[in-house]
1. Could you tell me whether the stretch A:122-136 includes any residue that is within 14 Å of chain B (Cβ to nearest Cβ) and not in a helix (DSSP H, G or I)?
2. Just name the residue that is farthest from the chain's Cα centre (by Cα) out of those in the stretch C:52-75 that are of a type in the set (Gly, Ala, Ser) and surrounded by 19 or more Cβ atoms within 10 Å (Cβ to Cβ).
3. Spot the failing condition for A:Ser110; the list is (1) more than 14 Å from chain B (Cβ to nearest Cβ); (2) crowded, with 19+ Cβ neighbours inside 10 Å, and only one is missed.
4. Which one is nearest to the other protein chains (Cβ to nearest Cβ) among residues in the stretch C:25-58 that are touching a residue at least 12 places away in the same chain (Cβ under 8 Å) and at positive phi?
5. Answer yes if at least one residue in the stretch C:2-13 is more than 14 Å from chain A (Cβ to nearest Cβ) and touching a residue at least 40 places away in the same chain (Cβ under 8 Å), and no otherwise.
6. Report, by residue number, each residue of the stretch A:262-278 that is more than 30 Å from the chain's Cα centre (by Cα) and crowded, with 17+ Cβ neighbours inside 10 Å.
7. Of the residues C:Trp116, C:Trp125, only one is under 28 Å from C:Arg61 (Cβ atoms) and of a type outside the set (D, E, K, R); which?
Amino acid sequence: MLTVSNLSKTIDGQAVLRGVDFKLEQGRVVGVVGRNGAGKTTLFKTMAGILIPDAGTVEYEGQSIHATPSKKLNIVFIPDSPEALFSYTAMESALFFSHIYPTFDKGFFSNTLHKLELPLDRKIRQFSKGMRMLFSTVLGLATKAPFVLLDEPTNGIDAIAKKQVMTLLMEAAEEGTTLVISSHLLNELERVADTILVMKAGGIETHDMDETANGAVRKFQVVFRDEAPASWLNSPSVRVLDKIGRVYTVLVDTKAPIGALEEMGKFDPLLMEHLPMKLEDLFVWKLGGSNYVG
Amino acid sequence: MWVKSLMLREIRQARAMIWIIPLGHFLMLGLQRYNEWFMGGEDLIALRVRFANSMLEAYQYGNMESNSRMMLVLALFVLALIQIGAERRNGAQELLFSFPYSRRSIYVTKWLFGVGLLAGSLLLNTLIDMAVMASSPVSSYFSFAFHANEFLYSMLTVTALYTLALFLGAISGSIASQGIFSGLVFVLPLGLWVLIERFLRVHDIYLSNGRYYSYRDQYQFYRYFSPDYYLFVQYPFLSAKYVIGMAALLLLAGWGGMAAYEKNRAENNGKLLLFPVWDRILQVSFVACFSLFSALFVSEMLSMSNELIWYYAGLLAGAFIGLSLIRRLTRIRLKI
Amino acid sequence: MIQINERSMTPIYEQIINQVKELIVKGGLREGDKIPSVRELSGMLLINPNTVAKSYQELERQGVIATARGKGAFVCKPAASPGMERERGEQLREEMKRLIIEARHLGMTKAGFKTWVTDEVERNWGEQDADG
């Protein structure tokens, strides 16, 4: 269990992390989403022990990884570029890591690289971007650490390499490794994640993926009889995603005390269709800008 | 305290130094000794032998050892750049910090590597030197005590200065600023003294009689902060004051470096100083020195007429230029 | 073999269940055939393995597949578990009732609906009837 409590970090005068709280259990696939610059990388680096927090703790099984560095054996951070290993070959990197992480699985590493047709004896500097990402991912997974943090693992790589990376990750997840993946590719995350952490204004909200499917917030397509009720559209429990002609696509918070859903029914609309809610919609709901102006 | 896997990495990282340092050391010591007593033809050698009438003269007062010390210090400053400065820019430091080791162990491992390399080179080259001396025409003056004392003194002084170099690495934000601060170590004591001396002189307060290198002047306490004061010491003058000075440096720089590295704020990599709190002080110091320097320069160029006026002219010009320079420099967050 | 439709209202784990059943009906999977392991399927479809595991558990509960430790998952004989059969039969009946109500709401005629049913049966019933 990885527990982040009240984590705060200010960089260059900006409070990037403000009292971040969440718990991660073993065996989950966690997606981290947020606007660009929201602090995802800062969060990951602090969790990995690279950055020292101004306040708060990151605890593995109850022990702070900053106070007890040996606990970092259980957390591996895979950055978007393996710069530090450019002068190493793949095999040398594996050897190096195997000295650091006693649980490193050299067999898995070489077998997987072989399967992916990546050379063991060429310097990482000479790899293409996709190859580098594959290499980093395999290296990180080979440590067999229970928590693996991946910062935009499929960013900027071709479709084939992307699929290979994701397959590797799913196989690791099946073995019980907890993956924490930050990504902008919401449709990808949606399929693989069971928990979503939404980063907003320096804080984190935890969402269970089951929620988006049949949870509090629901997505509808509505066509009203007469004029669209501007007050209802602008209420805080309603968010307009789209408007084509007279068809509104809206998100409605059904658990809010105001009873926006019932109100919608009362308008007796011509059309009211329940649509599946996607991660993208959750993203817009939580992180979008100001309300719809009709 | 130190970690084997990290040590292997340090070795790999600085593998060029493992042969460059002993080789350079050899060129300054063993080779020079050999040159002195075996090269140049029989007549020249005989001449030299004739003038070597004591142990000190045979060993040339320890000058070769002094030169070697300087070379070692320079090489180890470069090593410190490789060990810390370079890591800031290629992501290696971040990787290290994600590993399950304390910052302290990482730092100690680095230090031990440098010190180990130094000890190895000193041992190897002292043995070579001893062999050369023992088989030379002046072998009758061979002194084990000489070699041993020089070995110990070199070990202390170079280690102390290397520790300082690592400390500078720990507080600098980039390899460039680490390089600059390292250079300042050699230049600043004398440089500051020259600037201050001129400032006072222009106001009719005399600190010296104009000859900068007279060691009898009582105000030349800048010397105590100059590395060469400790490095270039002839054998008969080796005494406790040097040892104490260097030991103090070793302890202070060691403790300071470790503390700084533990608190290392990796998010500031690329900036001038790792602890931006000191930025303001640094900027002010830079402008002050730059002004004093330009004042010195101008008044030196136009020393004919009214020295004071020109001095102040130079001071103001320097302040102005210095300010604009520093503003430009701090705006570019050098990712180097 | 299995395609997940992200746009659908049906949750992913249900889609997997349905498609496995569909494959069996259409003959793509026969009794005794080995289906991909949870690991393999989650890697192929890029779906959270817990979701796949959930589907497999349900399929096993319904008697559609059976897992053998260390050997993998296999398609079962259709009549392997009669209790399950009955439950599914009841559910199917309920669903038929729902469809009929829906068709009426749409304004279909009884004959029209029956034609629909016949058409679909012709198209989708598959080659072999279940035993018994």
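The values are calculated or read from the model by the stated rules, or taken from the named source; none is laboratory data. Since this is a predicted model, take the numbers as computed values, not measurements. Every residue, glycine as well, gets a Cβ built from its backbone with ideal geometry; the counts of neighbours run over all protein chains shown.
1. Yes, the stretch A:122-136 contains a residue that is within 14 Å of chain B (Cβ to nearest Cβ) and not in a helix (DSSP H, G or I).
2. C:Ala73
3. (2)
4. Looking at the filtered set, the residue picked out is C:Gly32.
5. no
6. Listed by number, the residues that qualify are A:Met264, A:Pro269.
7. Going through C:Trp116, C:Trp125 in turn, the sole match is C:Trp125.
Every residue, every condition in (1) touching a residue at least 12 places away in the same chain (Cβ under 8 Å); (2) of a type in the set (S, T, N, Q); (3) part of a helix (DSSP H, G or I), yes or no:
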position: A:Asp21; (1), (2), (3): yes, no, no
position: A:Gly49; (1), (2), (3): yes, no, no
position: A:Phe77; (1), (2), (3): yes, no, no
position: A:Ser87; (1), (2), (3): yes, yes, no
position: A:Ser98; (1), (2), (3): no, yes, yes
